[in-house]
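Q: Sharing a structure below in structure tokens format, with a few things to ask.
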Amino acid sequence: MQLEKYRSFITLFLKNPKNGLNALIYKTITIVDFKFKKSFKVIDNAFGFLSKSEAFALYSLARNCVLDQNILEIGSLEGRSTLALASGAQNGVKVYAVDPHTCEQKGLERTQSSTWEVFLNNTKNFSCITPIRKYSKDATRDIGKNISLQFIDGWHSENAVDADINNFLPCLAEEFTLVFDDWGDSEVQAGIKKNLNVIPPFLGCVGKMAIFTNNDMVINSLFGKCVKNRTDSKLQLLFRY
């Protein structure tokens, strides 16, 4: 049973010892971070497609936002990723959660016509969360300045990703991190590659999330080093400007 649990690490280590070691270190720090362990019990109660390792990535990135810096999420659904961001947010850091809550997510079939009430119930214990029930293109005036972390998981088209990047550039801090969900989607990937000249350098991938940052706190953290060193070199080339 234990061998099966670590089979993926063993396979990766045999293929690329450096990547395999960093993947194991990443797994280990998700286990020993007791605050995250406790937080994930709350996160995991919300419906969504965010894995535990991806939730830890958002949690860790949120922890690198200091007082007077804020977090912007585009695409919240029922709040699974929002909870991950809020769990890591320090005191004084706001999490702006933008979503029209109309269940129009591409490829998602839901029975209800809105996720709004479920989202509010799931996130009710986090005062740092500011929900904005709008399409992202209509929410730019509702967002505060000094956004140091932006998580983009909105509509998956090249134009939508392009808009979600450029519409909020004036809100971003000098040092900031951009995270894109579902980077493997061809439309999402096209939107990212179209804007490599305006977004920070590529750090690496965690699951289906691609992380770009020029924040030295993130880059030099154990989390940042693990993400960079466990990411396949082909992906590094894919997102190089």
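The values are calculated or read from the model by the stated rules, or taken from the named source; none is laboratory data. Remember, it's a predicted structure, so these values are computed and weren't measured experimentally. Reconstructed Cβ throughout: ideal geometry from the backbone, glycine too, with neighbour counts over all protein chains shown.
Q: Could you figure out which of (1) in contact (Cβ under 8 Å) with a residue 60 or more places away in the chain; (2) surrounded by fewer than 19 Cβ atoms within 10 Å (Cβ to Cβ) isn't true of Asn220?
A: Condition not satisfied by Asn220: (1).
Q: Here's another thing I want to ask about it. So, of the residues in segment 181-192 that are among the small types (Gly, Ala, Ser) and part of a helix (DSSP H, G or I), which turns out to be surrounded by the most Cβ atoms within 10 Å (Cβ to Cβ)?
A: Restricting to residues being among the small types (Gly, Ala, Ser) and part of a helix (DSSP H, G or I), the top hit is Gly191.
Q: Moving to a separate point now. Which residues, counting only those in segment 123-160, are within 23 Å of Glu54 (Cβ to Cβ) and touching an Asp or Glu at 6+ places or on another chain (Cβ under 7 Å)?
A: Ile132, Ser136, Ser148, Phe151, Ile152, Asp153, Gly154, His156, Ser157, Glu158
Q: Given the conditions (1) surrounded by fewer than 18 Cβ atoms within 10 Å (Cβ to Cβ); (2) modelled with pLDDT under 95, which single one is not true for Gly20?
A: The failed condition is (1).
Q: Select from segment 137-180 the residues that are hydroxyl-bearing (Ser, Thr, Tyr) and surrounded by fewer than 23 Cβ atoms within 10 Å (Cβ to Cβ) and write down the one among them that is farthest from Asn91 (Cα to Cα).
A: Selected residue: Ser157.
Q: Follow-up. What tally of residues in segment 38-53 results from selecting those that are touching a strand residue (DSSP E or B) at 6+ places or on another chain (Cβ under 9 Å) and either buried (at least 20 other Cβ atoms within 10 Å of the Cβ) or small (Gly, Ala, Ser) (or both)?
A: Result for segment 38-53: 3.
Q: Is there a residue in segment 193-205 that is at positive phi, crowded, with 18+ Cβ neighbours inside 10 Å and either of a type outside the set (D, E, K, R) or in a strand (DSSP E or B) (or both)?
A: yes
Q: I'm checking my understanding of the structure. Among residues of segment 79-102 that are β-branched (Val, Ile, Thr) and more than 10 Å from Thr123 (Cβ to Cβ), which one is nearest to the chain's Cα centre (by Cα)?
A: Taking the candidates together, the pick is Val98.
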